[in-house]
Amino acid sequence: METIYETLCTSIDALCTQYRGEGIRKIKFGTSYLGRTIPALQLGEGSHRLLYLGGMTGSIRIGALLLQFARDYVQAQQSGMRVAGIDISYLRHTRSITVVPMLNVDGAVLRCDGQDDHNPLLPRLLTMLSANNADIQNNGTGNPFAHWVCSGRGVDLRCNFDADFTGAMTHSHGIGGAGFPGMHPESEPECAAVANFLRGAATTDLVLVFGDGTDEEDYGGGRIGWCGSDHRTRSLAQILAKDIDGRGYETDSVGRCGSLGSWYRGLHAGPLLNITLPRDPAPDTEDASQGSDTQDDDRCAHLHALLSHNCSSPGDTLLCAALALQYGKLRKMMFHGAVL
């Protein structure tokens, strides 16, 4: 079976080929530590610039959600229909939306496929996991990386930015663990790609960073947080939170040590909102209590089908249905945010 990264690239290529001429094109966002191209989609050609960023922890369902957003965009563009009341032709000519479905492509391969033949550090990472039994929670799947949230060399991309990096190092539990920030800010090429993109223009009108609820409290719906304290960001957070489920939003004027949000606020370049999805047993942490090799293979097949939007088995269909329910809560917010 191809890796989850290969499935992602194949899905993006197929989407761009099918809807060529509808305001979508594939771009290279950056390169991972292991040399993999980080693929992204460019939607529209307008002067207002937006970034929808997902997969900092290698979450497959985040990647699937952002690919579904791109599908909705191009399908509506082709048919002339509105999405959430938004005229897609207007979006195409006034907005340029960069969609990065999966920033942490190396980590996604470990998290989904359980191994990576291209990673020379794999024995070292396995040793680190074995040294910390708390990190080996594979739900019987046989994959020691089932709950992996770091990059291909054990750095948590969520805290590799230049914002109180000393504090991030102080709270770190070491390589391979959640919160390990690396040896210096932007040491990881994935994070450097994000920082360079955001430095590359005077203003990015909106940045939405999608997380999968890893190491977060379990929320019944989506959550918008890490908003900062400026009036425009707070207003956007309040409006978009109502689009999700009306629960409101959370603010943190300080933010996490080493986080993208904390670093980005220092640029004063535009609003950044973190969208935290509720934890869900599927597809990343589905029940696999039997622990058989066959079940592990089935789980990987389901994840690949979810990302490629090619549901052929009952298990695939259930996962796609779970994603659809989750996406239904975020769809309006994602399109509404693009025009605010």
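Quick note: the coordinates plus some simple rules give every number you see, no bench work behind them. These numbers come from a predicted model, not from an experiment. Don't worry about glycine lacking a Cβ; one is built from the backbone with ideal geometry, like all the others, and counts go over all protein chains shown.
Below, the figures for the structure above:
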read-out	value
Karplus (6.51, -1.76, 1.60) ³J(HN,Hα), θ = phi - 60°, over region 111-124, in Hz, Gly and Pro reported as x	5, 8, 8, x, 7, 8, 5, 8, 9, x, 8, 4, x, 5
Proximal lysines to Lys26, defined as alpha-carbon separation beneath 27 angstrom and excluding residues fewer than eight positions away on the same chain	Lys329, Lys332
Peptides ranked, highest mean first, by Cβ atoms within 10 Å: ranges 74-82, 101-109	101-109, 74-82
Relative contact order for region 37-196, counting Cα pairs under 8 Å that sit 6 or more residues apart, in percent	23 percent
Whether region 21-117 is rounded, prolate or oblate, judged on the alpha carbon gyration tensor where a/c under 1.5 counts as rounded	prolate
Cβ-based exposure ranking for Val83, Val209, in which fewest neighbours within 10 Å come first	Val83, Val209
